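One structure is given here, and the rest of the page talks about it.
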């Protein structure tokens, strides 16, 4: 397919090039925790060009302005996408208020908002580019999947092991253990879209890929995110699962009572890796907030504390909503939810898979530092979401 050499097309190509660089060099930022202290960091061991360790992060200073320039020159084609863009501006404005009230550096204050917003801007670019050029981006999408899989294979073949939950795990490529697993889960989702017509193959594929995440890495939040998606796919494909889900909902109160009785002595705090202790400490801190602090927070870094379980370093809440409330206030938290919710109103009727992925995105922030604050994984998530959105608008997305 011939692509005209226009300013928007050149800018779009440059954005994709920068994204490729960002993913390619994200392995340099992988940190070695205490359990892997005997290993040599990637930026020393696998860096023949002696590139900066944080090169992948530095590229944001090119990526975000370039994306915003593309959206600026495409403003007339944004349509309903103007709403999420406006809402990200509101979040940035609230950051400025929080920064002023707490006398904190503005760049530190907008850090989370940029992590949230930049992937959404990328989603807008992909949708607008499809609208502008009159075609989807199947070739680019498939190429992206293959490249990410290639980078994962490079890590498995040549990189050092990772560590999680008391055991050595498979190597990671993308920034760190959790980000890598989010990208893997999203990649598995992307590949499954091309298998959706073949029920038996898809079922085997889901079993194999979920086992790979569980046995290879054991990072729970990406596994839950992936399981939410798998559950919806089976719901759409098979009437058997519709009946099973209906029965589960019908018996949910009784199941809840049974679990409450059976697990009353279960150590949920240990199971959550100390999260409950952290939540309790944060709620205790919030008790002494003034009205102004409830509304606008105490600024970047105020969420970092030590607990009995996490005594070795200051840690965040491992719950993005609680972090947003502590650092940025209730107004910011509300506007974040409105921002993500606005993505559901880009069309009159959404596909259930599209809605499920947005729900999964929000759910990851409940039990961990989710997709919302992991920009690298966020870019890939919103690329897949854009593909689903475009395919659905072109009436090409069916799981029947």
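What the table shows:
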quantity: Selected residue (only one of 5, 39 is surrounded by fewer than 19 Cβ atoms within 10 Å (Cβ to Cβ), touching a residue at least 60 places away in the same chain (Cβ under 8 Å), assigned to a loop (DSSP other than H, G, I, E, B) and more than 26 Å from the chain's Cα centre (by Cα)); calculated: 39
quantity: Residue count for the stretch 190-221, restricted to those that are within 25 Å of residue 137 (Cβ to Cβ), in a helix (DSSP H, G or I) and in contact (Cβ under 8 Å) with a residue 60 or more places away in the chain; calculated: 1
quantity: Of all residues making up the stretch 267-295, the number that are at pLDDT below 70 and not in a helix (DSSP H, G or I); calculated: 4
quantity: Any hit, the stretch 109-117, residues being modelled with pLDDT under 95, out of contact with any helix residue (DSSP H, G or I) (no Cβ under 7 Å at 6 or more places or on another chain) and not in a helix (DSSP H, G or I); calculated: no
quantity: Qualifying residue in the stretch 159-169 (condition: surrounded by fewer than 17 Cβ atoms within 10 Å (Cβ to Cβ), touching a residue at least 24 places away in the same chain (Cβ under 8 Å), in a helix (DSSP H, G or I) and out of contact with any helix residue (DSSP H, G or I) (no Cβ under 7 Å at 6 or more places or on another chain)); calculated: no
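Okay, residues lined up against (1) modelled with pLDDT of 90 or more; (2) touching a strand residue (DSSP E or B) at 6+ places or on another chain (Cβ under 8 Å); (3) within 21 Å of residue 359 (Cα to Cα); (4) loosely packed, with under 13 Cβ neighbours inside 10 Å:
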{"residue": "205", "(1), (2), (3), (4)": "yes, no, no, no"}
{"residue": "210", "(1), (2), (3), (4)": "yes, no, yes, no"}
{"residue": "215", "(1), (2), (3), (4)": "yes, no, no, yes"}
{"residue": "221", "(1), (2), (3), (4)": "yes, no, yes, no"}
{"residue": "249", "(1), (2), (3), (4)": "no, no, yes, yes"}
{"residue": "253", "(1), (2), (3), (4)": "no, no, no, yes"}
{"residue": "260", "(1), (2), (3), (4)": "no, no, no, yes"}
{"residue": "263", "(1), (2), (3), (4)": "no, no, no, yes"}
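Per-residue answers, yes or no, for (1) buried (at least 21 other Cβ atoms within 10 Å of the Cβ); (2) modelled with pLDDT of 90 or more:
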residue	(1), (2)
310	no, no
318	yes, no
321	no, yes
327	yes, yes
335	no, yes
357	yes, yes
360	yes, yes
392	no, no
399	no, no
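The values are calculated or read from the model by the stated rules, or taken from the named source; none is laboratory data. All figures in this text were calculated on a predicted structure; none of them were measured in a lab. Cβ sites come from the backbone with ideal geometry, for glycine too, and all protein chains shown count toward neighbours.
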